[in-house]
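J.: I have a structure I would like to understand better, so I am pasting it below and will then ask my questions one at a time.
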Amino acid sequence: MNFELKTLDLHAAATHKTDALIILVSAKDKPVKSVLAQLISDARKSGDLDESPAKLLSVWHPQGVSAPRVLLVSSGDGSARVVRQAVTAAVALLKATKPTHITVCLADASEHRLQAAAQAVSDTSYVYTATKPSAKASELKRVVLALPTAEKTKAAQHEFALARAQVAGVALAKEWGNRPANHATPSHLAQVAKGLGKKAGIHCQVLGPKEIEKLGMGSFAAVARGSVEPLRFIVLHYTGAAKTVAPTVLVGKGITFDTGGISLKPGPAMDEMKFDMCGAASVLGTFEALAQLKPAINVVGLIPTCENMPDASALKPGDVITSMSGQTIEVLNTDAEGRLILCDALTYATRFKPRAVIDIATLTGACVISLGHVRSGLFSTSDDLAQDLFAAGEAALDPCWRLPLDDEYAEGLKSNFADVANVAGRDGGAITAAKFLQRFAKDYPWAHLDIAGAAWKSGAAKGATGRPVGLLLHYLLGTVKAK
Ligand code: BES
Ligand code: MN
Ligand code: ZN
């Protein structure tokens, strides 16, 4: 899908050649003398178009207009959120007509509206084909994003670059999130990372079981032990600033399939545990976007990736393992495996003397109970970092919500047989998981994003969302000047 940014007012839009013209309309729009403006005002007068957000009127072959289809969509208060809603509704309606070239006319690009529109077009027209070739890929080749004046177009160049990069990053995260576990093994993810490593500014290193053992990552290695698929530890470097500039480290949970291990999960919906690598996918997607945008920052991506399987050699409840930090862990539940692979990656992160470390993980069902599928769970040992991540989520329409880290929540993690247990009781499960991770993240400002509810959709629309690539990208771009 190729995006273009163009200047088109309603007068020019009338003669613009495209399969469909999506016009976001608002009562605040300045009237221009043109057939399209007339169409809009007539539609309003007749009651066919009102100000309710994303209200849609589709017109076929209107007179004096080159495009065979015109979709008028109310943009309500004009916010990025409503722009996304409006463009989603319009593109969904158009899907049956299989357009190859569509044009979205926006009144204004500021406050991430352009990005919201681009992301909505991409998300709504996405078709998964990797293991379903019969679902022909989207025919949508050209997407023109149009603004009414040359000044607005000029001012939106930067925003447009960001939109394109985010769309590409989200697409990569979605694609790998969606692939079934037998088509997205740890080795496959390592190959994707190696591919990213060929791009300018990115370097990729992949470690295997031997190296992990040498590093003393006994916790990560223990989870991988029950699977015939060898583990991989992916280390990505994006270098956009001087080597002396401290990097931000992103750590993504890459469980390519989570059966629960010996603490086996129940059967229903277990297929969805192929999405348990969406944290890893979001790190890969973010690097794709960084490669396109080339911001003046340094970023390290760490992805511990393996399967969590039951087997004769698998980890058993009660086993005590030794993490890279030296802390021993009593594994009371082998289904709490995410924290076991992340803790060693968090210890590994120290060597980069990072300015901040953010881990991203589909970590707990409890987080889905707390926040549903709207906001990701955010935990942080730094108020500044928490604030910046929260703000980035708002700007990217990829929101999160901060949850607490009081030490009292760690009570239940005490063990008679090791320094720490890997689970506490059921209560406050998202928080106790974060408290476990915090023990391994003492050397730097740290944040944890629990994306268990945000990373994918269930039901008829089952599929990865590509979240939180938008949040991460906005956050990282915000660190450019901050230093
Ligand atoms: N990958 C799951 C978390 C998960 C479950 C995400 C359902 C989305 C939907 C994680 O590895 C897990 O199994 N967590 C357990 C922890 C428990 C054993 C303390 C959970 O949430 O049930
Ligand atoms: Mn699990
Ligand atoms: Zn898991």
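The values are calculated or read from the model by the stated rules, or taken from the named source; none is laboratory data. The shown structure was predicted, so the numbers you read here are calculated from the model rather than taken from an experiment. Neighbour counts are summed over all protein chains in view; Cβ atoms, including those assigned to glycine, are modelled from backbone coordinates with ideal geometry. To get the accessible areas, we keep the full protein, side chains included, count just its heavy atoms, and leave off ligands, DNA and RNA. Shrake-Rupley method; radii C 1.70, N 1.55, O 1.52, S 1.80 Å.
J.: Filter region 8-32 for residues that are of a type in the set (Ser, Thr, Tyr) and at pLDDT below 95 and give the result.
T.: Correct list: 26 only.
J.: If you scan region 354-383, which residues turn out to be buried (at least 24 other Cβ atoms within 10 Å of the Cβ) and charged (D, E, K, R)?
T.: 359
J.: Looking at 208, 218, 226, 201, can you tell me which residue is without any contact (Cβ under 8 Å) to a residue 60 or more places away in the chain and in the same structural domain as residue 337 (by TED's automatic domain parsing)?
T.: 208
J.: Same structure again: Take the residues of region 316-347 that are away from ligand 1 (no atom under 13 Å from the Cβ) and part of a loop (DSSP other than H, G, I, E, B): which is surrounded by the most Cβ atoms within 10 Å (Cβ to Cβ)?
T.: 323
J.: Right, another one. Out of curiosity, is residue 385 more than 18 Å from residue 232 (Cα to Cα), assigned to a strand (DSSP E or B) and away from ligand 3 (no atom under 16 Å from the Cβ)?
T.: Here the answer is no, as residue 385 does not meet what is asked.
J.: Related question: Out of 145, 114, 106, I need the residue that is open to solvent by less than 50 Å² (accessible area, probe 1.4 Å), more than 16 Å from residue 166 (Cβ to Cβ) and at pLDDT 95 or above. Which one?
T.: The match here is 106.
J.: Cβ-Cβ under 9 Å, sequence separation 6+ or interchain: first residue in region 254-280 and in the same structural domain as residue 193 (by TED's automatic domain parsing) and in a helix (DSSP H, G or I), partner more than 12 Å from ligand 2 (Cβ to nearest atom) and of a type in the set (Phe, Trp, Tyr). Which pairs?
T.: 272/456; 275/456; 277/176; 278/176; 278/456; 280/176
Residue-by-condition table, conditions (1) within 16 Å of ligand 2 (Cβ to nearest atom); (2) in contact with a His (Cβ under 6 Å, 6 or more places away or on another chain); (3) not small (Gly, Ala, Ser):
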position	(1), (2), (3)
312	no, no, no
320	no, no, yes
326	no, no, no
340	yes, no, yes
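J.: Quick check: anything in region 271-288 within 13 Å of ligand 2 (Cβ to nearest atom) and surrounded by fewer than 17 Cβ atoms within 10 Å (Cβ to Cβ)?
T.: yes
J.: With respect to the numbered conditions (1) open to solvent by less than 10 Å² (accessible area, probe 1.4 Å); (2) more than 16 Å from ligand 2 (Cβ to nearest atom), which one is the sole condition not fulfilled by residue 245?
T.: Unmet for residue 245, out of (1) open to solvent by less than 10 Å² (accessible area, probe 1.4 Å); (2) more than 16 Å from ligand 2 (Cβ to nearest atom): (1).
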